[in-house]
Amino acid sequence: MAALQLAALLTLLLALWRLVWRPRAVARSFARQGIRGPPYTFLAGSLPEAKRLLIAGRRGVPPLDAGCHDIMPILLPQFHRWVADYGKTFLFWIGPIPAIFSIDLQLIKQVLTDRTGLYQKDFMIPVLKSLFGNGVILINGDDWKRHRKVVLPAFNHEKIKSMSAVTGEVTRQMIQQWREKIHQSNSDKKAADIDMIHAFNDLTAKINGRVAFGTSHQDVEEVIVLMREMQKIATASTLDAPILWYLPTRRNLHVRRLNKQLRSKIMSIMQARLAADGAKYGRGDTGGCGDDLLGLLLEAWTPHRQGSGGDTMTTDEVIDECKTFFAAGQETTATLLIWTMFLLAVHPQWQDKVREEVLREFPGGDGDDVIPNADILTKLKLLHMVLLETSRLYPPVVYIQRKAASDTVLGGIKVPQGTIISIPIGMLHRDKEVWGPGADEFNPMRFEQGVTKAAKDSKALLTFSLGPRVCTGQNFGIVQVQVVMAMILTNFSISLSPEYVHKPKYLLSLTPRLGMPLILRNLL
């Protein structure tokens, strides 16, 4: 009995230390260094205030004019308000966990370019790890190096070149569907309203399914449906008190069921590939699983790897890497396509410039069998500038996080172990001190001399992160978007539908709140 009482007392003291004494001590330490922020509230931290500001921002702000690209106040109203109140770098609380938020680019560069492993990736919310998988995006240290070594060959130059043909073929099918819809619209203007969200999610699912997994669109779509449901839950969980992330709530139990279904579906895709290539495995052919992403993962999968040497991966690790590509690759590419189409619709003068360039460098691009190859893509300078500017103003991922693995000094600030570093990419891309007075304006010409000279700092564009953890598949995604946009622009003109409401929302990726209806007109 005495032992139980002692254990209970120690547990209570530990809870008081973690939930009361330590937050106060940490807040005082930061205050002495000039770093303040919204006050800590017991157990929930700054989350109640963040939720209040977020709800008020959604309800109280009318839709923006389509030509206004200053979207951060409605996307991240809590951080926008706290920057105004506490400055470019401030302290807030994710439950009892301290978090440093900063739009100081020099401080952020120190975090992202670190090669010691001091600033680790850690999203903390379990549902996010279930969604993204503990793959190359999230893992740290030697595990990250091992995973990256297995995954990286799937994104080399030759694979990206061959991927262009698949992208073009699938895009041609989409274009034909659009032509049929326009033909069936009974419109004298030879035009039709098409929702870009559905169109591009379907397109990228088909492309990625074939390029990375060599599987059918139906298999990929089943995985994506499950992941989108988990995405909605994850978004709702971000403002919950951390204790709720681990309790058997109805939401968490639902996530477990979805994750079980997701794992089962991915395993069936893996087993189908192994069955198809079983004969090659029997001969010990090291290339038996193919050279796409799934093939490379299966080659490293320990149940089928001959011997114990080399860079092997467990079943859970292979499944997690598949999740990572499904969640990150498909969503990011679709999002970049959606906002590129939007910006060209809103800025028709740029649409005309890019189309003229495409038609000049891509003769015959309106033919049914012509697909832009790598040589053509390198000549599409204006299109590339538009994609860079789109990724600056409407980055698929608006903010990212890191976690200090030990006590450190960051930008001259003493930061204790376990502190979260919150990096608001969307706000950093609008810093007028870095990008100039026109930071909120759509101006692809800022990239005329390349990314490094577009702003006052050569590393100011953070769409795909920076440093050793830069996005592995960024070139893969950019080439996809270039091929798709070149083919669309040779076939259609784009304008904004009167039904569109410009009020973006952030559901782990930046998306239009009420769809992206655009009017497409045949040019042929």
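For helix 47-60, report the angle its Cα long axis makes with the longest principal axis of the Cα atoms of the chain; keep it between 0 and 90° and round to the nearest 10°.
Here the helix axis deviates by roughly 40 degrees.
When only C-alpha pairs under 8 Å and at least 6 residues apart count, what is the relative contact order of segment 1-102, in percent?
It rounds to 34 percent for segment 1-102.
Explain nothing, just compute: Karplus ³J(HN,Hα) = 6.51 cos²θ - 1.76 cosθ + 1.60, θ = phi - 60°, for every residue of segment 374-389 in order, whole Hz, x for Gly and Pro.
4, 5, 5, 4, 5, 8, 8, 5, 5, 4, 5, 5, 5, 5, 5, 5
State which stretch of the chain is the longest one without any exposed chymotrypsin sites (Phe, Trp or Tyr not before Pro), exposure meaning a DSSP loop state and at most 12 other Cβ atoms within 10 Å.
247-524
Against the 2.2 N^0.38 Å scaling, with N counting residues, where does segment 62-194 land? I'd like the Cα-based Rg ratio to two decimal places.
Normalised Rg, Cα atoms only: 1.62.
For the chain, find the longest principal axis of its Cα atoms and tell me its angle to the long axis of helix 331-346, 0 to 90°, nearest 10.
Orientation of helix 331-346: about 60 degrees from the principal axis.
Just add up the charged neighbours of Phe132: K/R +1, D/E -1, any other residue whose Cβ is under 11 Å from the Cβ of Phe132.
0
Pull out a ≥ b ≥ c, the square roots of the eigenvalues of the alpha-carbon gyration tensor of the chain, then state rounded if a/c is under 1.5, prolate if not and a/b is larger than b/c, and oblate in the remaining case.
Oblate.
Which whole-number percent gives the relative contact order of the chain, counting Cα pairs below 8 Å spaced six or more residues apart?
23 percent
Relative to the first principal axis of the alpha-carbon coordinates of the chain, what is the inclination of helix 157-184, with its axis defined by its Cα atoms, in degrees from 0 to 90 and to the nearest 10?
Around 70 degrees separate the two axes.
Treat every Asp and Glu Cβ in the chain as -1 and every Lys and Arg Cβ as +1, leave all other atoms uncharged, and give the resulting dipole magnitude about the Cα centre to the nearest 20 debye.
Rounded to the nearest 20 debye, it is 1820 debye.
Near Lys129, which lysines are there with a Cα under 20 Å away, not counting those fewer than 8 places off in the same chain?
Of all the lysines, those that pass the test against Lys129 - Cα under 20 Å, at least 8 places apart if same chain - are Lys121, Lys145, Lys232, Lys260, Lys265, Lys323, Lys403.
Loop by DSSP (not H, G, I, E, B), at most 11 other beta-carbon atoms within 10 Å: where is the longest site-free stretch of the chain for trypsin sites (Lys or Arg not before Pro)?
284-524
Laboratory data are not the source of any read-out in this text; all were calculated from the coordinates shown. Model, not experiment: these values are computed from the prediction. Cβ coordinates were reconstructed from backbone atoms using ideal geometry, including for glycine residues, and neighbour counts include every protein chain displayed.
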